[in-house]
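For reference, the structure discussed in these notes is given below.
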Amino acid sequence: MSPPTQGIWAIVLLVLTIAAAAVFGYRVLGLYRLLRLGRDESRVDQPWRRLRDEIVVYLGQRKLLKRPYYIRGVGHALIFWGFLVITWGSADLLLRGIVGWQLPFTDTAAYAWILDIFAVAVLVSVVVAVFRRAVLRPPRMHRVPEGYVILTLIGFLMLTLLVFESAAIAATRDELGQLLRVFPPVAAALAPLISTAAGPAIFAGAWWAHVVTILAFAVYLPRTKHLHIVTTLPNVFFRSSRPRGALQLIDDIENQETFGAANVRDFSWKQLLDGYTCTECGRCSDNCPALATGKTLDPQKIVLDIRDQLLREGPKLLADAKAETTAPAHWVETKPDELWACTTCAACVEACPVTIEHIDKIVDMRRSLTLMEGAAPPEAQRAMTNIERAGNPWGEARATRGDWAEGLGIPTFAEKPDAEYLYFVGCAASYDRRNQRVARALASILKSAGVSFAILGAAETCNGDPARRMGNEYLFQLQAQQNIETLNAAA
């Protein structure tokens, strides 16, 4: 059935579409300008892997469909897939209504069936989502009015879609008995409820209600957390290609004037994009071991605090590049003790369905606290001092580093320079009694297997990773360089 946009109504639709696009574009441009306040960071390596992520993580919703979130993950995935299908149809409606153009595939029976089925699936998912918000009320879910507004808009879009499809069938049907064979099932099942005479009027009303809701959705979307519908695509594409757990290196550290995130501008543009993309689903918080043991850290809150700071202080920075802002580590809700509670285990990163990188933000704020303010907690400061002086976080004597191997006949490289392999033991296995048992067991296995190996003994020192995760990148790089020189000498 032709769109009800004959004559002046095509101009009305054109004006409404231009107005909605202008409002949407203005808001998105403003958000993009705030994003560009962040420091530059290249995220275009490994393009084929990034393309794979778009297919598997973004389109396939792989990270969403994980236990124990599988059921609600399916509901969200259906809404997402329905959004993609209906967006194509919505673009077709606008083009046909304004200029009479038709997008490919939209006039096929297959697309009509897909649209019909997804409309029902999305409606069911919306009802479940509302029930979960209003009745089940998960403790970490942010229950704000905008969530209900978005769900209402989505549900209304699906209802109006089914109504105008059914009305179109009712207005143009020839034989009622052929409906189920020719037309999409749900719309065909509803069509008999609409008389042929009333069909055109109901079609026009539902069609306009659907189109106006689409435009209202576009206007409202960029001002809500549901902007993630748009930002998830680039966020997945630009996610870090570093191995999980590896931290960002500070290049040319000797010549740096600032360290970490002393200012919202010190976050990278990707770290700021993470804030736009957060769905507030709470999965990162559910999986955080620190939060589970009663610590003050909440990974989701950290991401949202950074986003809120950007939205509040960003316009001031755009107007004056030298404007003073609050250090993120001290921003309104975020407190340093939250940052120090993090174990950097990356459980939050693994759980996030939209590939937000929480750890880099936390470590960057720690770097600012440690290297710029000298504000590390006493325990952390003591551990870093011990690493620098004694080569281990506990301050144990360097000379006793190899004592765990006494009586096992394990040579050092000084005693066996032709050993084929080096066993780098590490601080925990060298000094901690429980971990020493692990080192002894591994050494026994290697010896039984006839592997030629040796240890560094007292020449070994801390790899610096604890200092790095506490924010002292400078000490980490010193330790790393010392280990490189030791390994080169052994080789």
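Throughout, read-outs are computed from the coordinates displayed, never taken from laboratory work. The shown structure was predicted, so the numbers you read here are calculated from the model rather than taken from an experiment. So basically every Cβ, Gly included, is an ideal-geometry build from the backbone, and we count neighbours across all protein chains shown.
Structure values in brief
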{"quantity": "Amide H within-cut-off set for T412, under 5 Å, with H built and near neighbours excluded", "calculated": "I455"}
{"quantity": "Gain upon complete extension [D403, V144; 0.36 nm per residue less C-alpha separation]", "calculated": "87.3 nm"}
{"quantity": "Surface/4 estimate of mean projected area, convex hull on alpha-carbon atoms of region 1-154, nm²", "calculated": "13.1 nm²"}
{"quantity": "Fully extended contour minus Cα-Cα distance, from L311 to D418, at 0.36 nm per residue", "calculated": "32.5 nm"}
{"quantity": "Angle in degrees between helix 378-390 and the longest Cα principal axis of the chain, rounded to the nearest 10", "calculated": "50 degrees"}
{"quantity": "Volume per residue of the C-alpha convex hull in region 378-490, rounded to whole Å³", "calculated": "98 Å³"}
{"quantity": "Ranked by how many other beta carbons lie within 10 Å on average, peptides 428-436, 47-55 from highest", "calculated": "428-436, 47-55"}
{"quantity": "Proxy reagent accessibility, fewest Cβ within 10 Å first, across L273, L478, L369", "calculated": "L478, L273, L369"}
{"quantity": "Free-standing Cys residues across the chain, given no other cysteine C-beta under 4.7 angstrom", "calculated": "C278, C281, C288, C342, C345, C352, C427, C462"}
{"quantity": "0 to 90° range, to nearest 10: angle between helix 109-131 axis and the chain longest Cα axis", "calculated": "60 degrees"}
{"quantity": "Built amide H within the under 5 Å cut-off of R39, gap 5+", "calculated": "F267, S268, W269"}
{"quantity": "Cα-Cα over 26 Å, subset of K225/K335; K225/K322; K295/K322; K63/K316; K225/K316", "calculated": "K225/K322; K295/K322; K63/K316"}
{"quantity": "Residues R434 and Q482, FRET efficiency given R0 of 25 Å [Cβ-Cβ distance, rounded to 0.05]", "calculated": "0.40"}
{"quantity": "Environment charge at S42 (Cβ cut-off 14 Å; Lys +1, Arg +1, Asp -1, Glu -1)", "calculated": "+2"}
{"quantity": "Cα-projected label distance for L51 with F131, points at 7 Å along beta-carbon direction, nm", "calculated": "4.2 nm"}
{"quantity": "Ranking of K301, K322, K361 by count of other Cβ atoms within 10 Å, fewest first", "calculated": "K322, K301, K361"}
{"quantity": "Separation in nanometres of the label points that stand 7 Å from Cα toward Cβ, at E254 and I11", "calculated": "7.2 nm"}
{"quantity": "Partner aspartates and glutamates for K416 [C-alpha distance under 19 Å; skip if fewer than 8 residues away on the same chain]", "calculated": "D403, E406, E460, E485"}
{"quantity": "Point-charge dipole on Cβ atoms (K/R +1, D/E -1) for the chain, about Cα centre, debye to 20", "calculated": "1100 debye"}
{"quantity": "V44-L84 FRET efficiency (beta carbon distance; Förster radius 30 Å; 0.05 resolution)", "calculated": "0.75"}
{"quantity": "Region 86-161: chymotrypsin sites (Phe, Trp or Tyr not before Pro) in DSSP coil with no more than 11 other Cβ atoms inside 10 Å", "calculated": "W101"}
{"quantity": "Gain upon complete extension [A292, V99; 0.36 nm per residue less C-alpha separation]", "calculated": "63.8 nm"}
{"quantity": "Stokes-Einstein D for region 142-299, Kirkwood Rh over Cα pairs, 25 °C, 0.890 mPa s (µm²/s)", "calculated": "119 µm²/s"}
{"quantity": "Relative exposure of H210, H330, H228, judged by other C-beta atoms within 10 Å (fewest first)", "calculated": "H330, H228, H210"}
{"quantity": "Equivalent ellipsoid, the chain (semi-axes from 5 times Cα gyration tensor eigenvalues, Å)", "calculated": "58, 26, 19"}
